[in-house]
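Peer 1: There's a structure below that I have some questions on.
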Amino acid sequence: MKSQKLVNKAIADLKESIPELGDRNYSYNITELPSKKNIVFNLHFDKKPLNFPKESIVKIFNRPNIAIEYNILIRLKNQNFHVPQILLLKIPYLVLEKVNGVNLCDFINENLIKVEKLNDLDSNLRNKMIQCVESLAKWLAQLHEKNIVRKKEFSEIFVLNKGDTRLRDFIMDFSGDTLYGVDFEDAYEGSHIDDLAWICCSLLDTEPGIFEMDEPTHKTDLINIFLRKYYQTSSSFQFDFNYLAEKIIEDLNVVIERRNLPYGVISKAKFIEDISKEI
């Protein structure tokens, strides 16, 4: 684990609120989950505690964003969005419902390995992939529609953006045909295209994508499906290809820096030339 001391401290700090953590009649397993900003782990008891679920997600915040995530989760729950339920807030800990399903990043990319086009997939699998991308488009369109912000000093419409919006932040429960959104600590108000650009970036930069293939046609096909469904769902916003392309480039360069990839800064002209062939 990143920091066993921090996890041990979390368990000690949470014993008062979750007594079973200190009860010898209960045993539990802790599994650290991928997170680039905070320490996040899955807490799984061998049997259900009295007043707590058997399994939950514990986030240990090392940035002052816990209030943003807490407030956004409450706001979205009140708007009937599928997001994790808050089980406990004890700063710097936020304990959340464990959402069952598969994250979109793994589902999409694991099924596109050694595939050049969407049509190369089995029809059932291809339909499930399209279902995921369209559900994501509708989820974001509804998020933006329900959270429009009018600012007098700006002529354009601003919305609540999820922020740093990655495929991994969405979990699909196929049994209930339900898409859940997670991780809202970077939410902010801005152009609706900001969220769309991050999703396009996430489709392009995750393997297999533009860093592994000259022309990831399957990914650009998914981007087309995603954008088309978004604008079919929402009538409040106008598409701006130039702004979208600029934001995708900006986001891709952020990813290159984050991952310390052996690539220079992506050229706007070359990128627009390549991507506009498909979008």
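Peer 1: Roughly how large, in nm² to one decimal, is the mean projection of the convex hull of the alpha-carbon atoms in the chain?
Peer 2: 16.6 nm²
Peer 1: In addition: Tell me, D221, D183, D194 in order of fewest to most beta-carbon neighbours within 10 Å?
Peer 2: D221, D194, D183
Peer 1: Answer rounded, prolate or oblate for segment 19-159, using the Cα gyration tensor with square roots of eigenvalues a ≥ b ≥ c: rounded when a/c is under 1.5, else prolate when a/b is larger than b/c, else oblate.
Peer 2: Oblate.
Peer 1: Starting from the Cα-Cα distance between K98 and V254, subtract it from 0.36 nm times their residue separation and give me the gain in nm to one decimal.
Peer 2: The span from K98 to V254 would gain 53.2 nm if fully extended.
Peer 1: Can you give the FRET efficiency for K77 and L261, using 1/(1 + (r/R0)^6), R0 = 45 Å, r = Cβ-Cβ distance, to the nearest 0.05?
Peer 2: The pair K77/L261 has a calculated efficiency of 0.75.
Peer 1: Whose amide H sits under 5 Å from the amide H of K90, counting only residues 5 or more places off or on another chain, with H placed in the peptide plane?
Peer 2: Long-range HN contacts for K90: V95.
Peer 1: Moving on. Antiparallel as a % of all DSSP beta bridges within the chain, to the nearest 5?
Peer 2: 100 percent
Peer 1: Sticking with this one: P92: net charge of surrounding residues, Cβ under 11 Å, Lys/Arg +1, Asp/Glu -1, itself excluded?
Peer 2: With Lys, Arg at +1 and Asp, Glu at -1, the net is +3.
Peer 1: Also: Hey, which of these cross-link pairs are over 23 Å Cα-Cα: K9/K37; K77/K138; K48/K128; K47/K98?
Peer 2: Exceeds cut-off: K48/K128.
Peer 1: I would also like to ask the following. Can you work out the Karplus-derived ³J(HN,Hα) for every residue in segment 217-228? Use 6.51 cos²θ - 1.76 cosθ + 1.60 with θ = phi - 60°, whole Hz, and x for glycine or proline.
Peer 2: 4, 4, 6, 5, 5, 5, 4, 4, 4, 4, 5, 4
Peer 1: How about K59: which aspartates and glutamates have a C-alpha closer than 12 Å to its C-alpha, ignoring those fewer than 8 places off in the same chain?
Peer 2: E32, E69, E97, D183, E185
Peer 1: Output the peptides 10-16, 136-142 sorted from most to least packed, where packing is the average of other Cβ atoms within 10 Å over each peptide's residues.
Peer 2: 136-142, 10-16
Peer 1: Rounded to two decimal places and with Rh computed the Kirkwood way over Cα pairs, what is Rg over Rh for segment 4-97?
Peer 2: Rounded to two decimals, Rg/Rh equals 0.96.
Any read-out appearing in this document is the output of simple, stated calculations on the displayed coordinates, not a laboratory observation. This one's a predicted model, so the numbers in the text were calculated from it and none came from an experiment. Positions of Cβ are backbone-derived with ideal geometry, glycine not excepted, and every protein chain shown enters the neighbour counts.
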